[in-house]
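Undergrad: Structure incoming, see below.
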Amino acid sequence: MRADGLVEDVAPEPVVVRRRGRRVSTGPVDGASREPAPERQQSTENDDRLRGDRPPHWG
């Protein structure tokens, strides 16, 4: 409030809500490395089986 009794037009600061997550971060297990896992070799065995199991109306 000013000396003459008027209220100054001041924008209020935005309210910041910080929510605490439910996830817990833990340290890496012993023997873990930061390197990505090696890519697996893709097998076509299942693909061939699925192609053979198609219904006749699929052509």
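Undergrad: Could you say whether any residue in region 36-56 is part of a loop (DSSP other than H, G, I, E, B), modelled with pLDDT under 80 and of a type outside the set (S, T, N, Q)?
TA: no
Undergrad: Considering only region 1-44, how many residues are of a type in the set (D, E, K, R) and over 26 Å from the mean Cα position of the chain (by Cα)? If you could, list the steps in order and put the result at the bottom.
TA: Start the filter on region 1-44 by keeping residues that are of a type in the set (D, E, K, R), which leaves 2, 4, 8-9, 13, 18-20, 22-23, 30, 34-35, 39-40.
Right, trim to over 26 Å from the mean Cα position of the chain (by Cα) and you get 2, 4, 8-9, 13.
Looking only at that region, the number is 5.
The values are calculated or read from the model by the stated rules, or taken from the named source; none is laboratory data. Since the model is a prediction, treat every value here as computed from it, not as a measurement.
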